[in-house]
Amino acid sequence: ESIEKGGYPHFMLKEIFEQPRSILDSMRGRMIAESDHMMMGGIREFENKFVNAERILIVACGTSWHAGLVAEYLIEDLARIPVEVEYASEFRYRNPIISERDIVVAISQSGETADTLAALELAKSKGATIFGICNVVGSSIARATDAGAYTHAGPEIGVASTKAFTAQVTVLSLIAMILGSKRGTLETSKLRQLMVELESIPSKVEKALELNEQIIKISEQYKDATNFLYLGRGYNFPVALEGALKLKEISYIHAEGYPAAEMKHGPIALIDEHMPVVVIATKDSSYEKIVSNIQEVKARKGKIIAVVTEGDTTIPAMADHVIEIPETSEHLVPLLSVIPLQLLSYHIAVMRGCNVDQPRNLAKSVTVE
Ligand code: G6P
């Protein structure tokens, strides 16, 4: 087993550090930035249906559901197709409205999650076209779909999903870009810019991983906290949810992810000097707004751990800790902003003596409902 861990103390850490590679593998052969050329074998067959879909429904569970939320922002923004993201377990039991003109996208690392499989079978029985995004080749969900694209993350052993998430977001970004370009809602110049940016993500992830030592120090300070709040807006809102989920799963610290602006409708009541608040505040269209949210937390003496874009000079003046990640397009920022959050939860869990790779009560794939 120590050979399989490749010198890392845990599979989770190994998998976090594999992300430059797994992201690259998930985009490799699917685009050539110099010629605006994108291809995804799985989509080609159903391209017309996809491009003309009235609606895209995404069904998934856990971390895969968070990747689905990122896809909602991407597809609606770049391709202008309405998207709904559903917890597979709710979707299948609530008599959902599904038509033959809908595309249902099932996202699953393992391809074996019982609720996701049942949700797609239901959608199939109502005539929808089913597309799968799975990591495990030949898995039940991959076999049950009409078409699909694999994430090439390689085997993920740690129960808390890391590299599968970024691989899913990579593939979903490519799909949103393909749909946007085919539908004419994404200009060629913008498409080209995004492709070049996506190509640079693996090396930027590499850079973000250099934050490891800094994050160990921050983890030491907060390892005994009993609660954590994670805030983000726009593309970083799903990242806030994912950061909170990672911490809960492996460190057993209660954590909540929230859209930053919703804080005033509840969670703000919890903030005092004992509450660490992780704010993902990269330079994007909601930057000014999230700076105000940071001030609201500070006014109540909360401790701010801010994930910001390199070179930010405003937030360091107000935050207790600043984690700088490389600049990128806001469409792709989840691929970078999630990295420090994965590392933070990993180190806190290790310091608390938790079984990081096999947390209590959790399973890698949930094949029962
Ligand atoms: C379990 C795992 C999670 C995963 C979820 C969905 O809860 O512990 O890490 O996100 O299932 O799994 P899937 O294989 O469908 O992506």
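In the stretch 11-59, which chymotrypsin sites (Phe, Trp or Tyr not before Pro) fall in coil by DSSP and have 14 or fewer other Cβ atoms within 10 Å?
Qualifying residues, ordered by number: none.
Which links in Lys248/Lys298; Lys264/Lys298; Lys223/Lys364; Lys5/Lys364 stretch past 20 Å when you go from one Cα to the other?
Beyond 20 Å between Cα atoms: Lys248/Lys298; Lys223/Lys364.
Could you tell me what fraction of 2.2 N^0.38 Å the Cα radius of gyration of the stretch 60-207 comes to, as a two-decimal ratio?
The reported ratio for this selection is 1.04.
Find out how many positive minus negative residues lie around His10, taking Lys and Arg as positive, Asp and Glu as negative, among other residues whose Cβ is under 12 Å from that of His10.
Neighbour charge sum, excluding His10 itself: -2.
So what is the relative contact order for the stretch 245-369, in percent, with contacts set as C-alpha pairs under 8 Å and at least six apart?
Computed value for the stretch 245-369: 28 percent relative contact order.
Express in % the proportion of alpha carbon pairs of the stretch 184-278 at distances exceeding 17 Å.
Above the 17 Å cut-off, the stretch 184-278 has 65 percent of its Cα pairs.
For the stretch 303-369, evaluate the Debye formula with one uniform point scatterer on each Cα (no solvent term) and list log10 I(q)/I(0) at q = 0.29 Å⁻¹, rounded to two decimals.
After summing over all Cα pairs, the log10 values are -1.22.
Select from Asn95, Asn355, Leu247 the residue farthest towards the positive end of the dipole of the chain; place +1 on Cβ of Lys and Arg, -1 on Cβ of Asp and Glu, and compute about the Cα centre.
Asn95
Please compute the contact order of the chain in relative form: average sequence separation of alpha-carbon pairs under 8 Å and at least six residues apart, divided by the residue count, as a percent.
Reported relative contact order: 19 percent.
Per DSSP helix of 4 or more residues, -39500 (n - 2.57); summed, then divided by the residues of the chain. What does that give at 222 nm, rounded to the nearest 500?
Calculated from helices alone, the mean residue ellipticity at 222 nm is -13500 deg cm²/dmol.
Taking 37 °C and 0.692 mPa s as the conditions, I'd like the Stokes-Einstein D for the stretch 94-175 in µm²/s, using the Kirkwood hydrodynamic radius from alpha carbon pairs.
253
Per 10 Å bin, what is the whole-percent P(r) computed from every C-alpha pair distance within the chain?
5, 25, 34, 25, 10, 1
Taking the inverse of the average 1/r across all pairs of different Cα atoms in the stretch 268-310, what Kirkwood radius in Å do you get?
Evaluated over the stretch 268-310, this radius sits at 10.6 Å.
Jot down the radius of gyration and Dmax of the stretch 1-144, Cα atoms only, both in angstrom.
16.8, 50
Please give the direction-averaged projected area of the C-alpha convex hull for the stretch 122-224, in square nanometres with one decimal.
10.3
So which trypsin sites (Lys or Arg not before Pro) in the stretch 188-227 pass both tests, a DSSP loop state and at most 12 other Cβ atoms within 10 Å of the Cβ?
Qualifying residues, ordered by number: none.
Give, in nm to one decimal, the length gained when the segment between Asp224 and Glu84 is fully stretched (0.36 nm per residue of separation minus the Cα-Cα distance).
Going from the current span to full extension adds 46.6 nm.
Against the globular-protein guess of 2.2 N^0.38 Å, express the Cα radius of gyration of the stretch 239-369 as a ratio, rounded to two decimals.
1.10
Could the peptides 19-25, 38-44, 68-74, 152-158 be put in order, highest first, of the mean number of other beta-carbon atoms found within 10 Å of their residues?
Going by the mean number of other Cβ atoms within 10 Å, highest first, we get 68-74, 19-25, 152-158, 38-44.
Every number in this text was worked out from the coordinates using simple rules, so none of it is lab data. Because the structure is a prediction, the values reported are computed rather than measured. Glycine gets a Cβ as well: all are built from the backbone with ideal geometry, and neighbour counts include every protein chain shown.
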